[in-house]
Amino acid sequence: MSREARPTIRCLTEDLGVDLPGLDVSLGELSHPWLDELRRIADTSPQNQKRVLSIAYPLVYRLRISDQRGATWVDEEHNTVWLCAAHRREEGSDDDAYEWFAQLHAGKALLPTEADLDRLRADAVLELFHRISAELCHLVDAAVARSGYELREDLGGWLPCRALVIESQGTQEVWCALSVRDVDNHFVREELRNVLFAALEAHLAPIITEARSDWPSGVVEWFEVVRLGVR
């Protein structure tokens with residue numbers, strides 16, 4: 001599984017001078033020379049990297065771009081390589097990169113904080129939502145192209161879904177059923193189903209939708225929530 005490469009919030013805003021983006025942008029997808037370089041070495045880090053010797057523990061490693069130096073840390077628990085700091089190399093100066101790294105470490109400001117982990121979790125949830133909502137829209141588009149045929153898919157390999165489109169006299173009935181439990185029989189939050197249906201409605205707009213307890217070609221299982229859209 002590929003490692004994620006991302007900056008700490010402090011490094012991003014202070015060292016790189018980049019404003020913290022809203023939740024619509026994952027910190028693991030930001031475009032910046034330092035982050036491009038971090039992504040390049042993420043899966044093999046810390047191989048071929050030298051340690052920052054002024055920091056005994058945890059093991060922090062060097063990254064280099066021109067006369068700049070970065071400090072990276074491999075977070076095995078979260079399968080992430082963090083860019084913890086970046087600064088200009090000025091050997092012999094109090095403002096040297098390695099002096100900066102040591103100061104941050106001494107002040108307990110080098111490694112990711114709880115705020116960084118909260119943002120990591122939020123980015124992961126939003127990435128999952130964007131992925132499965134895209135798969136839901138793709139499934140319904142396929143059902144539109146194959147009118148009258150019921151299609152099924154586990155969205156994200158995780159959430160069972162089925163779709164059926166019926167066309168009659170220029171009107172489309174778009175039927176969609178989402179399971180209340182995932183493939184491992186864990187219950188799925190109602191809020192997630194609601195935002196998935198909302199994303200589908202926006203994708204199909206203009207459309208009029210309603211909740212239903214039936215299915216045109218058979219029964220509705222107890223674990224399914226059904227919406228019908230007409231356009």
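Can you tell me which residue in the stretch 127-160 is farthest from the chain's Cα centre (by Cα), limited to those that are part of a strand (DSSP E or B) and either of a type in the set (Gly, Ala, Ser) or crowded, with 21+ Cβ neighbours inside 10 Å (or both)?
Ranking the candidates gives Leu159 first.
Any residue in the stretch 161-173 that is assigned by TED's automatic domain parsing to the domain that holds Tyr149 and at negative phi sitting within a Cβ distance under 6 Å of a residue that is surrounded by 10 or more Cβ atoms within 10 Å (Cβ to Cβ) and among the basic types (Lys, Arg)? List the pairs, counting only those 6 or more apart or interchain.
As it stands, the answer is Arg162/Arg152; Gln172/Arg231, since those pairs meet every condition given.
Where the second residue is of a type in the set (Val, Ile, Thr) and the first is over 22 Å from Arg88 (Cβ atoms) and lies in the stretch 28-44, which pairs have Cβ atoms under 7 Å and are six or more apart or on separate chains?
Final answer for the pair search is Ala42/Val81.
With respect to Ile55, determine if the residue is more than 29 Å from the chain's Cα centre (by Cα) and either over 25 Å from Ala122 (Cβ atoms) or among the acidic types (Asp, Glu) (or both).
Here the answer is yes, as Ile55 does meet what is asked.
Return yes or no: is Ala198 in a strand (DSSP E or B) and small (Gly, Ala, Ser)?
no
Quick one: is Ala163 at pLDDT 95 or above, in contact with a helix residue (DSSP H, G or I) (Cβ under 6 Å, 6 or more places away or on another chain) and not in a loop (DSSP other than H, G, I, E, B)?
Answer is yes for this residue.
Looking at the stretch 63-113, which of the residues that are part of a loop (DSSP other than H, G, I, E, B) and of a type in the set (Lys, Arg) is modelled with the lowest pLDDT? Break it down into steps so the answer makes sense when it comes.
Our first condition is that a residue be part of a loop (DSSP other than H, G, I, E, B); within the stretch 63-113, this holds for 66-67, 76-79, 89-96, 107-113.
Now drop any that are not of a type in the set (Lys, Arg), which leaves 89, 108.
Numbers: Arg89: 87, Lys108: 96.
Taking the candidates together, the pick is Arg89.
Against the conditions (1) in contact with a helix residue (DSSP H, G or I) (Cβ under 7 Å, 6 or more places away or on another chain); (2) at pLDDT below 95; (3) within 30 Å of Arg131 (Cα to Cα), where does Asp24 fall short? Just the number, please.
With respect to (1) in contact with a helix residue (DSSP H, G or I) (Cβ under 7 Å, 6 or more places away or on another chain); (2) at pLDDT below 95; (3) within 30 Å of Arg131 (Cα to Cα), Asp24 is out only on (1).
If we scan the stretch 40-58, do we find a residue that is closer than 24 Å to Ala102 by Cα and touching an Asp or Glu at 6+ places or on another chain (Cβ under 9 Å)?
Yes, the conditions are met somewhere in the stretch 40-58.
The values are calculated or read from the model by the stated rules, or taken from the named source; none is laboratory data. Quick caveat: nothing in here was measured; it's all calculated off a predicted structure. Note that each Cβ is placed from the backbone with ideal geometry, even for glycine, and that neighbours are counted across all protein chains shown.
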